[in-house]
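Let me begin by presenting the structure, written as structure tokens, before commenting on it.
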Amino acid sequence: MNFPAELKYTKDHEWVRVEGDEAVIGITDFAQRELGDIVFVDINTVGEEVTANEVFGTVEAVKTVSDLFMPATATVLEVNEAIDASPELVNTDPYGEGWIIRVKLSNPGDVDALLSADGYQAEING
């Protein structure tokens with residue numbers, strides 16, 4: 001499995017790429033493999049501030065629906081329109097074209113408390 005070192009991770013299997021006071025968020029390679037074929041991503045929080053660890057949307061796979069949790073308090077700026085048309089991008093390119101949302105971080109320093117790639121890998125390997 002792939003865990004890019006430049007990203008931060010949550011125990012709930014989201015990844016975060018910080019870009020100044022904004023961030024791009026998606027689900028990890030591990031999460032998409034566990035979910036299976038993703039058929040729909042539902043984000044209804046655009047324009048809203050979502051507190052850290054609160055649900056910002058859901059991802060639906062063939063056999064299950066899973067909540068998506070905000071890694072750090074942030075305002076949802078946009079949803080990746082490409083995944084509306086092709087939700088399978090989350091499976092095929094979870095760290096690239098399969099990103100889910102872009103946010104404005106309320107406090108960019110909050111991301112420092114998230115897991116490193118090594119920490120996340122240790123978490124899922126138990």
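Please treat every number below as a calculation from the coordinates, not as lab data. Small disclaimer: the values here were computed from a predicted structure and weren't measured. Positions of Cβ are generated from backbone atoms using ideal geometry, with glycine treated the same way; all protein chains shown enter the neighbour counts.
In percent, how large is the relative contact order of the chain, given Cα pairs closer than 8 Å and 6 or more residues apart? The partial results should precede the final answer.
Numbers: 277 pairs, mean separation 39.4, N = 126.
Result for the chain is 31 percent.
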Notebook entry, point to check: Long-range amide H contacts for Gly98: which residues qualify at under 5 Å (H placed 1.01 Å from N, peptide plane, sequence gap of 5 or more or a different chain)?
Noted result: Asp93
Next item on the list: Using Cα positions and a limit of under 23 Å, work out the lysines in reach of Lys63, with same-chain residues fewer than 8 apart set aside.
Entry: Lys11
Check: For Glu49, what charge total do you get from the other residues with a beta carbon under 15 Å from its beta carbon, if Lys and Arg give +1 and Asp and Glu give -1?
Finding: -4
Notebook entry, point to check: Taking square-rooted eigenvalues a ≥ b ≥ c of the alpha carbon gyration tensor, is region 56-126 rounded, prolate or oblate, where a/c under 1.5 means rounded and, failing that, a/b exceeding b/c means prolate?
Noted result: oblate
Next item on the list: Give me the aspartates and glutamates in straight-line cross-link reach of Lys104: C-alpha distance below 14 Å, same-chain residues under 8 apart excluded.
Entry: Glu19, Asp21, Glu22, Glu48, Glu49, Glu78
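If Lys and Arg each add +1 and Asp and Glu each add -1, what is the summed charge of the other residues whose beta carbon sits under 14 Å from the beta carbon of Gln121? Present the calculation step by step, with values, prior to reporting the outcome.
Details: positive: Lys8, Lys11, Arg33; negative: Asp29, Asp118, Glu123.
Charge balance near Gln121 sits at 0.
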Check: Does region 1-65 come out rounded, prolate or oblate by the C-alpha gyration tensor, with a ≥ b ≥ c the root eigenvalues, rounded set by a/c under 1.5 and, if not, prolate when a/b is larger than b/c and oblate if not?
Finding: oblate
Check: What shape does the chain have by the C-alpha gyration tensor, where a ≥ b ≥ c are the square roots of the eigenvalues, rounded means a/c under 1.5, and otherwise prolate means a/b greater than b/c and oblate the rest?
Finding: oblate
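Relative to the Cα centre, what is the charge dipole magnitude of region 14-125, using +1 at the beta carbon of each Lys and Arg, -1 at the beta carbon of each Asp and Glu, and rounding to the nearest 20 debye?
Values: 5 positive and 23 negative charges, 24 e Å.
The calculation lands at about 120 debye.
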Item checked: Calculated from backbone phi, Karplus (6.51, -1.76, 1.60) coupling profile of region 6-22 in Hz, x at Gly/Pro -> 7, 9, 10, 9, 10, 5, 8, 6, 9, 10, 9, 10, 7, 9, x, 9, 10
Note to self: Show me, for region 67-83, the HN-Hα J-couplings you get by feeding each phi into the Karplus relation (A = 6.51, B = -1.76, C = 1.60, θ = phi - 60°), rounded to Hz, glycine and proline as x.
What the structure shows: 6, 10, 10, 5, x, 8, 4, 7, 9, 6, 8, 7, 10, 5, 5, 4, 7
